[in-house]
Structures are given as C-alpha cells and as structure tokens.
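Participant: Here it is, the structure in full.
The values are calculated or read from the model by the stated rules, or taken from the named source; none is laboratory data. From a predicted model like this one, the values you see are computed outputs, not experimental measurements. Neighbour counts are summed over all protein chains in view; Cβ atoms, including those assigned to glycine, are modelled from backbone coordinates with ideal geometry.
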Amino acid sequence: MKSYKLEEVQPHELLGNLCFSVVDFETTIHYKKGSVQEPIEVAIVPIVNSAIDNDGIFRTLIKPTCDLSDSLLNLGKVPRQELDTAPVLATIRSEVRRRLLCTVIVHHSANGFDTRICRDFFNINLERIVEINTLRLSRRINPKAGSHSLDNVALRWKVSAKSEKAHRAEYDAIVTAKIFIKMLNWLGKTDSITTFGQLSIFCNGLES
C-alpha cells in the first residue's frame, strides 16, 4: 500500500489511483463532569481502485481506562462484557497508525470528531495527514438538505443502512465507504472532478 505524506499527495493525482482509509470510532459517554471520551472501538475500511477491499478491513474493540462498572458510563451499542477482554490502547496504537498514515483518511464526523480521536489517542499529527470528511462533502453536494447525519446521507445516496446496526464502528465505516465511492462517481460524472486537487477545492468550498 502506497505511503503518503501531506505534501506528497499531488493535486493532479487521479482519485481512482489513490488509497483511502475510511475510519470510524465509537467512544465512551460518561455523564460525570470533566470525564474524557475514550475510544472503545475502531474500524478502518480500505478503498483501493475505487472499491472496498473487504480482505483489508480492520476492526477491534479497545478496553478503556475508566471503570466499566460505573453506572454513569454509556457504551452505546458496544457490549460491556466484550470490553473486559478487549486489548488496551497501547497494544493496537501502532497498527492503527500504520493503516491510517499510509493513505488518505476518510471519515464522517461533525467538528472533526474522528480526527480529534486520531490526534488525542493515537498521536497522529493532524497537520501531517490528508483527510476528506464526507459530512462536509455532503453539505457541498446537497446544501439545502436538512440533515447530514450518516443515516440520512445513506438514504439520499441509496446505500442500505439499518438503524439497529448503526453506531458500531465497522458498520458505520462500511456505510461511509459506500457513500464516499458513490459520491466520487457522481462528482466525476456531474462536475468532472477526477483529481485529488479538484476534490479538495470542492470539499472545502473554495473557488478554483
């Protein structure tokens, strides 16, 4: 898999030639004041040659440092009992970094939630990564849409998404990957956006 640094992804590179890694995190939600959200699940879905590489999907639970027996701790849809035997962050950090730092990172998150997790827990310098936010991309493509949640974006792009499976990292990352591929195909046909530079300009709402 090709290794990238920020300055090495050239604007003229064709999107079909790039490797993308769609990442999604699930985190703890603690209702105690001052508590920190910790990642408890991560999934990374690679896109190679404009298609999902199913054999390359990476997913793991992460045991948080907080007390799992705390009644104020909300783990969403992640089973509490499975976290008891999950690996701790230190044991999987290098693998996550290896997979994310060698590709263009794709995520669907408000206010850069996923990239903040990358920075705060995986020591990834956000100034040294190349990333595309499909939520921002959705806002650019459909500016009049009322909601750009993953479920609603999936519905608009006719990607099957079941609410009962949402908020698990692998499922959300796969849905995001399918949406992203459809977006790229649509942009290529509708706006002749075929290079990384064109996509970056469009995604960030800049004039060329």
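Participant: Only one of (1) of a type outside the set (D, E); (2) closer than 17 Å to T176 by Cβ; (3) at pLDDT 95 or above; (4) crowded, with 20+ Cβ neighbours inside 10 Å fails for R59. Which number is that?
Facilitator: Condition not satisfied by R59: (4).
Participant: If only one of G34, G76 is at positive phi and in contact with an Asp or Glu (Cβ under 8 Å, 6 or more places away or on another chain), which one is it? Can you show your working first?
Facilitator: Details: G34 fails: in contact with an Asp or Glu (Cβ under 8 Å, 6 or more places away or on another chain).
Testing whether each residue is at positive phi and in contact with an Asp or Glu (Cβ under 8 Å, 6 or more places away or on another chain) leaves just G76.
Participant: For the range 75-93, what are the residues that are surrounded by 11 or more Cβ atoms within 10 Å (Cβ to Cβ) and not in a loop (DSSP other than H, G, I, E, B)?
Facilitator: Listed by number, the residues that qualify are R80, E82, L83, V88, L89, T91, I92, R93.
Participant: Considering each of P39, P46 in turn, give the residue that is in contact with a Gly (Cβ under 8 Å, 6 or more places away or on another chain), crowded, with 17+ Cβ neighbours inside 10 Å and not small (G, A, S).
Facilitator: P46
Participant: Now for a different question. Identify, from the list F196, F113, F180, the residue that is closer than 30 Å to T91 by Cβ and crowded, with 20+ Cβ neighbours inside 10 Å. Walk me through it before giving the result.
Facilitator: Details: F196 fails: closer than 30 Å to T91 by Cβ; F113 fails: crowded, with 20+ Cβ neighbours inside 10 Å.
Exactly one residue qualifies, and that residue is F180.
Every residue, every condition in (1) outside any helix (DSSP H, G or I); (2) closer than 21 Å to I193 by Cα; (3) at pLDDT 90 or above; (4) polar (S, T, N, Q), yes or no:
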{"position": "K2", "(1), (2), (3), (4)": "yes, no, no, no"}
{"position": "H12", "(1), (2), (3), (4)": "yes, yes, no, no"}
{"position": "V23", "(1), (2), (3), (4)": "yes, no, yes, no"}
{"position": "E26", "(1), (2), (3), (4)": "yes, no, yes, no"}
{"position": "K33", "(1), (2), (3), (4)": "yes, no, no, no"}
{"position": "I40", "(1), (2), (3), (4)": "yes, no, yes, no"}
{"position": "V45", "(1), (2), (3), (4)": "yes, no, yes, no"}
{"position": "D55", "(1), (2), (3), (4)": "no, no, yes, no"}
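Participant: Go through the range 177-194 residue by residue and tally those that are in contact with a strand residue (DSSP E or B) (Cβ under 8 Å, 6 or more places away or on another chain) and under 16 Å from R140 (Cβ atoms). Don't jump to the end; show me each part of the working.
Facilitator: To start, the set of residues in the range 177-194 that are in contact with a strand residue (DSSP E or B) (Cβ under 8 Å, 6 or more places away or on another chain) comprises 177-178, 180-181, 194.
Add one more test, that the residue is under 16 Å from R140 (Cβ atoms), and what stays is 180.
Summing the residues that are in contact with a strand residue (DSSP E or B) (Cβ under 8 Å, 6 or more places away or on another chain) and under 16 Å from R140 (Cβ atoms) in the range 177-194 gives 1.
Participant: I'd like the residue in the range 126-139 that is in a helix (DSSP H, G or I) and either in contact with a Gly (Cβ under 6 Å, 6 or more places away or on another chain) or farther than 14 Å from C203 by Cα (or both) and, out of all such residues, is modelled with the lowest pLDDT.
Facilitator: Our first condition is that a residue be in a helix (DSSP H, G or I); within the range 126-139, this holds for 126-128, 134-139.
Remaining after also requiring either in contact with a Gly (Cβ under 6 Å, 6 or more places away or on another chain) or farther than 14 Å from C203 by Cα (or both): 126-128.
Values: L126: 81, E127: 78, R128: 75.
Of everything passing the filter in the range 126-139, R128 is modelled with the lowest pLDDT.
Participant: Restricting attention to the range 178-197, and to residues there that are in contact (Cβ under 8 Å) with a residue 60 or more places away in the chain, in contact with a helix residue (DSSP H, G or I) (Cβ under 9 Å, 6 or more places away or on another chain) and in a helix (DSSP H, G or I), which single residue is nearest to L14 (Cα to Cα)?
Facilitator: Checking each candidate, the answer is F196.
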